[in-house]
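Here's the structure, in structure tokens; my notes come after.
Bear in mind these aren't lab numbers, they're just calculated from the coordinates by the rules spelled out. Quick caveat: nothing in here was measured; it's all calculated off a predicted structure. Neighbour counts are summed over all protein chains in view; Cβ atoms, including those assigned to glycine, are modelled from backbone coordinates with ideal geometry.
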Amino acid sequence: MTFLKPGLIFASSLLLVSACGGGDAPSNTTADAPAANDTATEVAATPEPETPAADTEAAETVNAFAALPEPYQSADYNRGRRTFKLCQSCHTLNEGGQNLVGPNLYGIFGRGIGTVEGFTYSKAVQESDIVWTPEILAEWLESPRNFLPGNKMSFAGVRRPEDRTAVIAYIMAETGYTSE
């Protein structure tokens, strides 16, 4: 069995005491007064006030669907944005945006299917007389293949009704939808 030398034990004890804040510091502070480090901790623990940019973004998120008809007005913006990630590899939403694998969706509502300039549509789409409405888009998104057999869209669909409603609301808000 090995024993520690008394000098090593003393040095280890001093190291532990000084690491814990003890040691040679004068003890003229009262028990109720905060230590110098406590003030720094309190300041660091106080949450920073939200910046105007964060407030603006939160307000835009809350109000993004305010002008939309129900059920889209009550949809969850963040759910819509997340669900749109399924679409963004093929579609853009911005005005004048490029066509990708699918056409740009800006101004989709009220527009006839298959009418985006510069995009080559399937024969099924070209022969269709569908005009996009939120309700038609909901049917399309449930299962594009079943809705219009023969179209080129390989997307399986958005199965959950609440996800479809949210993504349609998101598309409406991001593509210049007007109810008129």
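Tally up the residues in the stretch 95-114 that are exposed (fewer than 15 other Cβ atoms within 10 Å of the Cβ) and farther than 19 Å from residue 168 by Cβ, please.
Adding up the residues that qualify gives 4.
Looking at the stretch 80-165, what helices (runs of 4 or more DSSP H) fall wholly within it and have at least 3 residues that are over 29 Å from the mean Cα position of the chain (by Cα)?
123-126
Just need a number here: residues in the stretch 154-176 that are aliphatic (A, V, I, L, M) and surrounded by fewer than 17 Cβ atoms within 10 Å (Cβ to Cβ). Please lay out each step first, then the result.
Narrowing the stretch 154-176 to residues aliphatic (A, V, I, L, M): 156, 158, 166-169, 171-173.
If we keep only those that are surrounded by fewer than 17 Cβ atoms within 10 Å (Cβ to Cβ) as well, we get 156.
Here the count works out to 1.
Taking residue 134 as meeting all but one of (1) touching a strand residue (DSSP E or B) at 6+ places or on another chain (Cβ under 6 Å); (2) closer than 14 Å to residue 164 by Cβ, write down the number of the exception.
Tallying (1) touching a strand residue (DSSP E or B) at 6+ places or on another chain (Cβ under 6 Å); (2) closer than 14 Å to residue 164 by Cβ, residue 134 fails exactly one: (1).
Out of the stretch 116-155, which residues are of a type outside the set (D, E, K, R) and in contact with a Pro (Cβ under 9 Å, 6 or more places away or on another chain)? Before the answer, list the steps.
Residues of the stretch 116-155 of a type outside the set (D, E, K, R): 116, 118-122, 124-126, 128, 130-134, 136-138, 140-141, 143-144, 146-151, 153-155.
Passing the criteria: 116, 118, 119, 121, 124, 134, 138, 151, 153, 154, 155.
Condition (residue is farther than 22 Å from residue 76 by Cβ and of a type in the set (Lys, Arg)) applied to the stretch 123-143: is it met by at least one residue?
Yes, some residue in the stretch 123-143 is farther than 22 Å from residue 76 by Cβ and of a type in the set (Lys, Arg).
Is there any pair with a first residue in the stretch 154-180 that is in contact (Cβ under 8 Å) with a residue 40 or more places away in the chain and within 15 Å of residue 73 (Cβ to Cβ) and a second that is among the aromatic types (Phe, Trp, Tyr) and outside any helix (DSSP H, G or I) whose Cβ atoms are under 7 Å apart and which are 6 or more apart or on different chains, and what are they?
169/65; 172/109; 173/65; 177/109
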